[in-house]
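Q: Below is one structure. I have some questions about it.
The values are calculated or read from the model by the stated rules, or taken from the named source; none is laboratory data. Every value quoted in this text rests on a predicted model; they were computed, and no experiment measured them. Virtual Cβ from ideal backbone geometry, glycine too; neighbours counted across all protein chains shown. Keep in mind that these areas ignore ligands, DNA and RNA; they rest on the heavy atoms of the full protein, side chains included. Shrake-Rupley method; radii C 1.70, N 1.55, O 1.52, S 1.80 Å.
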Amino acid sequence: MSNFSFLGDEWPDILEAADKAEASIKTDPRTSCFYARRATELIVHWIYKADSTLRLPYQDNLSALLHEPTFKKAVGEAVFNKSLLIARIGNRAVHDNRAIPESTSTGVVRELFHVCYWLAHTYARGAKPEPALTYNPGIAAAAAPVATQTATKLRELETSLAERDEKLTALLIDKEALDDELIRLRAEVAKAKQESSSHADTHDYSEAETRTHIIDEYLHEAGWPLADERDREYEVFGMPNGEGTGYIDYILWGNDGKPLGLVEAKRTTKSALAGKQQAKLYADCLEQEFGRRPVIFYSNGYETWIWDDKMYPPREIQGFYTKDELELLIQRRTSRKSLATTEINSAIVERYYQRRAIQRIGEAFENDSERKALLVMATGAGKTRTVIALSDLLMRCNWAKRTLFLADRIALVNQAVGAFKTHLPASSPVNLVTERHDNGRVYVSTYPTMMGLIDEMQGGRRRFGPGHFDLIVVDEAHRSVYQKYRAIFDYFDSLLVGLTATPKDEIDFNTYQLFDLESGVPTDTYQLDEAVKDGFLVPPIAVSVPIKFQREGIAYDDLSQEDQLKWEELEWGEDSQIPDRVESSDMNSWFFNEDTVDKVLAHLMTEGQRVAGGDRIGKTIIFAKNQAHAEFIVKRFDANYPKFKGAYARAIHHGVNYAQSLIDDFSNPSKEPHIAVSVDMLDTGIDIPDILNLVFFKQVRSKTKFWQMVGRGTRLRPDLFGPGDDKKNFFILDYCGNLEFFSLDPPVG
């Protein structure tokens with residue numbers, strides 16, 4: 001017998017894991033929670049595989065899969081929260097050596113029962129479970145126990161199971177190549193899902209129990225043991241309810257015996273907001289009793305709100321603050337200094353627009369009680385130094401203890417860490433990509449790395465809880481960041497500052513929405529034309545490009561004899577009819593045409609800006625279509641210019657080992673390579689003032705991306721051509737019609 005027998009033949013692997021979870025409830029709660037998480041992971045993987053309406057997230061770990069919006073929409077709020085709860089307690093079972101009580105494993109397996117019921121009700125192609133089916137604890141008590149496991153053994157088991165599991169990314173990444181079996185499964189599941197939607201789901205999902213489990217787990221992760229009888233149902237006096245008394249669901253006590261926070265828990269059938277006034281009255285009672293006003297939390301398990309009503313209006317939060325973090329919040333009520341009257345560090349920033357940006361962000365934070373700001377600043381104008389000075393100001397004024405700087409690539413993380421070490425060494429910057437366990441006041445990370453670290457546990461507590469960072473800086477804040485990594489900004493409860501070089505009128509609505517701003521109205525802006533006028537950046541010059549076929553197509557008769565032979569050998573389709581002409585829409589393959597590449601390289605070497613008295617081409621980026629294209633360009637360069645012995649032009653992309661060392665060499669004015677053929681790695685963020693030539697050998701259809709690429713050339717470089725002979729501009733050699741596509745008309749050299 002099993003509470004999960006309704007899973008039947010359709011999900012034997014899920015049934016096996018669920019039965020093991022059930023059999024271990026009493027004998028080994030840790031193992032029970034592990035297998036409950038395992039069953040949930042298998043359920044989630046199966047849904048992504050079988051339900052074609054779901055979209056794969058940025059990575060396929062369980063946390064990312066659960067938080068993907070299409071998954072949350074498909075399963076609904078109740079099942080999402082139950083799945084998330086099981087996953088979090090399962091993580092604790094694996095990564096926390098402290099004992100897990102039987103009450104926890106009992107609750108987790110009961111939640112798993114409801115998730116499995118929903119799975120079968122929604123997707124079963126055969127018989128569906130009866131709506132009146134309920135969880136029977138007697139069956140669980142009679143189950144044969146499984147072997148007891150330590151946390152260490154479970155970690156080893158977790159690794160071995162993960163290695164054995166089907167990889168979703170590999171399975172689903174190419175939807176055009178789905179095998180027949182998977183196509184058939186998806187069709188059958190779509191039909192079953194449609195049939196189940198015509199019948200109301202009347203199953204009792206026991207959401208009140210879920211609420212208690214979720215709140216308890218979130219408090220546990222924040223380090224609140226809830227072991228004292230004063231922690232729950234604390235009686236207060238002075239309530240305006242006739243009796244004059246009330247009972248606070250949870251009290252979070254400080255080391256001095258005074259309350260730091262309170263939690264009002266409402267039923268899941270009610271909005272958490274229904275508890276706002278009651279929680280406020282409880283805070284009044286506690287302030288009267290202890291002489292200190294606590295921070296207010298109210299939650300229904302699905303939504304949790306924080307309200308420090310001495311400082312800010314209520315806001316939604318993804319968990320609870322730790323004791324140290326609550327103490328700091330309360331202490332800041334009286335210790336924060338004014339941002340407006342504190343001097344900005346001129347050793348970090350000296351330009352007027354940088355200081356103005358910091359002042360405007362400070363005004364938004366201090367005068368308007370805003371918690372988000374968006375800074376639009378042209379590439380090369382010093383965005384990173386501006387936020388370093390902002391971080392310094394917030395730290396000195398006790399507005400921020402810890403800062404998180406997020407970038408989209410490792411090279412930009414390394415660059416930001418170096419900038420913080422140079423301009424704010426006292427912050428002890430930590431590179432979370434390479435120094436995952438170090439501590440400091442400034443942490444720098446890629447977005448995927450941070451997504452993984454959100455779930456990391458240390459000593460049974462979440463390493464980075466929602467209140468861990470006081471300031472988060474979002475580098476290159478634009479649509480892709482919003483779409484892929486919104487979960488980071490939802491999770492952390494911090495001041496948020498976005499940085500972008502995209503012209504303000506080109507920033508998408510979602511980005512302004514993320515920062516709670518009116519579309520087209522950032523907190524502060526300083527654009528390329530202003531920076532050029534002020535003499536802080538140099539302008540682009542368009543070089544006339546004679547090669548037109550990327551826009552106009554190409555004819556067989558225009559090719560060299562060698563390329564005509566290759567043309568004839570190409571796969572032209574089933575009828576094998578060789579065309580006389582290929583239009584521009586079909587030109588992708590001709591990025592690999594030897595004659596084309598040779599002409600582009602010859603034009604660059606003739607018309608590109610040169611240094612060292614004209615002896616060599618200035619630092620140049622060629623933006624290639626893909627990795628194969630980049631390698632092909634380098635191959636043709638070496639064939640045409642063998643005298644440079646293979647080091648003058650190098651491909652830099654994610655497939656190159658030690659690519660960062662190549663970037664470092666390219667950044668050095670005197671070192672080879674002098675031409676970097678880039679695929680994505682040098683498009684954004686890289687600070688190399690010596691760049692004189694940008695070669696667009698691919699079509700770019702994102703204006704945001706295009707402006708970022710153009711920004712690689714805008715930085716000043718004194719004495720580049722000799723003493724007193726500074727960099728005055730940079731060249732754009734556009735072979736793919738990008739300037740025309742974006743209706744841009746820079747001066748022509």
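Q: Quick one: is L171 modelled with pLDDT under 90 and not in a loop (DSSP other than H, G, I, E, B)?
A: Numbers: modelled with pLDDT under 90: yes; not in a loop (DSSP other than H, G, I, E, B): yes.
In short, yes.
Q: Going by the conditions given, is A347 in contact (Cβ under 8 Å) with a residue 40 or more places away in the chain, open to solvent by 60 Å² or more (accessible area, probe 1.4 Å) and either closer than 27 Å to L716 by Cβ or in a helix (DSSP H, G or I) (or both)?
A: Working: in contact (Cβ under 8 Å) with a residue 40 or more places away in the chain: yes; open to solvent by 60 Å² or more (accessible area, probe 1.4 Å): yes; either closer than 27 Å to L716 by Cβ or in a helix (DSSP H, G or I) (or both): yes.
The answer is yes for A347.
Q: Return the total of residues in the range 285-331 being under 18 Å from F464 (Cβ atoms), touching a Lys or Arg at 6+ places or on another chain (Cβ under 7 Å) and in a helix (DSSP H, G or I).
A: 1
Q: Which of the numbered conditions does R409 fail, given that it passes all the others? Conditions: (1) modelled with pLDDT under 95; (2) closer than 29 Å to R333 by Cβ.
A: The number of the failed condition is (2).
Q: Oh, and also: Counting only residues that are surrounded by fewer than 21 Cβ atoms within 10 Å (Cβ to Cβ) and of a type outside the set (S, T, Y), how many does the range 286-304 have? Before you say what the answer is, go through the steps one by one.
A: Of the residues in the range 286-304, the ones surrounded by fewer than 21 Cβ atoms within 10 Å (Cβ to Cβ) are 287-293, 302-303.
Still in the running and of a type outside the set (S, T, Y): 287-293, 303.
Residues that pass the stated criteria total 8.
Q: Take the residues in the range 698-724 that are in a loop (DSSP other than H, G, I, E, B) and free of Cβ contacts under 8 Å to residues at least 24 places away in the same chain; name whichever of them is most open to solvent (accessible area, probe 1.4 Å).
A: We begin by selecting, within the range 698-724, every residue in a loop (DSSP other than H, G, I, E, B); these are 698-702, 714, 716-721, 723-724.
Narrowing the set further to residues that are free of Cβ contacts under 8 Å to residues at least 24 places away in the same chain leaves 702, 718-719, 723-724.
Details: S702: 52, P718: 78, D719: 78, P723: 135, G724: 67 Å².
Filtering first and then ranking leaves P723.
Q: Any residue at all in the range 357-373 that's at pLDDT 95 or above, outside any helix (DSSP H, G or I), surrounded by 20 or more Cβ atoms within 10 Å (Cβ to Cβ) and touching a Ser or Thr at 6+ places or on another chain (Cβ under 6 Å)?
A: Yes, some residue in the range 357-373 is at pLDDT 95 or above, outside any helix (DSSP H, G or I), surrounded by 20 or more Cβ atoms within 10 Å (Cβ to Cβ) and touching a Ser or Thr at 6+ places or on another chain (Cβ under 6 Å).
Q: Determine if the range 377-393 includes at least one residue that is in contact with a helix residue (DSSP H, G or I) (Cβ under 8 Å, 6 or more places away or on another chain) and part of a strand (DSSP E or B).
A: There is at least one residue in the range 377-393 that is in contact with a helix residue (DSSP H, G or I) (Cβ under 8 Å, 6 or more places away or on another chain) and part of a strand (DSSP E or B).
Q: Another question about this same structure. Does R486 meet the test of being of a type in the set (D, E, K, R), in a helix (DSSP H, G or I) and in contact (Cβ under 8 Å) with a residue 12 or more places away in the chain?
A: Details: of a type in the set (D, E, K, R): yes; in a helix (DSSP H, G or I): yes; in contact (Cβ under 8 Å) with a residue 12 or more places away in the chain: yes.
When the stated conditions are applied, R486 passes them.
Q: A follow-up question, please. Would you check if there is a residue in the range 674-688 being over 15 Å from A411 (Cβ atoms) and modelled with pLDDT under 90? Step through it out loud before you land on a result.
A: To start, the set of residues in the range 674-688 that are over 15 Å from A411 (Cβ atoms) comprises 674-675, 677.
Those still in the list that are modelled with pLDDT under 90 too: none.
Within the range 674-688, not a single residue is over 15 Å from A411 (Cβ atoms) and modelled with pLDDT under 90.
Q: Ok, one more. Looking at (1) touching an Asp or Glu at 6+ places or on another chain (Cβ under 6 Å); (2) buried (at least 21 other Cβ atoms within 10 Å of the Cβ), which is the one condition that is false for L65?
A: Result: L65 fails condition (1) only.
Q: Right, here's the next one. Run down V109, V44 and say which single residue is touching a Ser or Thr at 6+ places or on another chain (Cβ under 9 Å), within 22 Å of L157 (Cβ to Cβ), among the β-branched types (V, I, T) and touching a residue at least 60 places away in the same chain (Cβ under 8 Å). Let's see the steps before the verdict.
A: Working: V44 fails: touching a residue at least 60 places away in the same chain (Cβ under 8 Å).
Among V109, V44, only V109 is touching a Ser or Thr at 6+ places or on another chain (Cβ under 9 Å), within 22 Å of L157 (Cβ to Cβ), among the β-branched types (V, I, T) and touching a residue at least 60 places away in the same chain (Cβ under 8 Å).
Q: Just wondering, is there one or more residues in the range 725-737 that are acidic (D, E), in contact (Cβ under 8 Å) with a residue 40 or more places away in the chain and farther than 26 Å from V417 by Cα? Outline the logic, then answer.
A: The first filter runs over the range 725-737 and keeps only residues acidic (D, E), leaving 725-726, 734.
If we keep only those that are in contact (Cβ under 8 Å) with a residue 40 or more places away in the chain as well, we get 734.
Still in the running and farther than 26 Å from V417 by Cα: 734.
Yes, there is a match, as at least one residue in the range 725-737 is acidic (D, E), in contact (Cβ under 8 Å) with a residue 40 or more places away in the chain and farther than 26 Å from V417 by Cα.
Q: Related question: Being out of contact with any His (no Cβ under 9 Å at 6 or more places or on another chain) and under 17 Å from T386 (Cα atoms) is the filter here, so list the residues in the range 499-529 that pass it.
A: L499, A501, P522, T523, D524, T525, Y526, Q527, L528
Q: Give the residues of the range 203-248 that are assigned to a strand (DSSP E or B), without any contact (Cβ under 8 Å) to a residue 40 or more places away in the chain and surrounded by fewer than 17 Cβ atoms within 10 Å (Cβ to Cβ), sorted by residue number.
A: Filtering the range 203-248 for residues assigned to a strand (DSSP E or B) gives 232-237, 245-248.
Checking the rest, the ones that are also without any contact (Cβ under 8 Å) to a residue 40 or more places away in the chain come to 232-235, 245-248.
R232, E233, E235, T245, Y247 - these are the residues of the range 203-248 that are assigned to a strand (DSSP E or B), without any contact (Cβ under 8 Å) to a residue 40 or more places away in the chain and surrounded by fewer than 17 Cβ atoms within 10 Å (Cβ to Cβ).
Q: Then there's this: So the check is Cβ under 7 Å with 6+ separation or different chains; which pairs have a first residue in the range 653-667 that's in contact (Cβ under 8 Å) with a residue 60 or more places away in the chain and closer than 13 Å to I410 by Cβ and a second one that's open to solvent by 50 Å² or more (accessible area, probe 1.4 Å) and among the polar types (S, T, N, Q)?
A: Hits for this filter: Q660/N414.
Q: Hey, another quick one. Output the residues belonging to the range 100-155 that are open to solvent by 40 Å² or more (accessible area, probe 1.4 Å), part of a loop (DSSP other than H, G, I, E, B) and of a type outside the set (A, V, I, L, M, F, W, C). Talk me through it step by step, then tell me what you get.
A: Start the filter on the range 100-155 by keeping residues that are open to solvent by 40 Å² or more (accessible area, probe 1.4 Å), which leaves 101-103, 106, 110, 125-128, 130-134, 136-138, 141-142, 144-150, 152-153, 155.
In the following step, the residues that additionally are part of a loop (DSSP other than H, G, I, E, B) were identified as 101, 125-128, 130-134, 136, 144-150.
Residues satisfying the conditions are P101, R125, G126, K128, E130, P131, T134, N136, P145, T148, Q149, T150.
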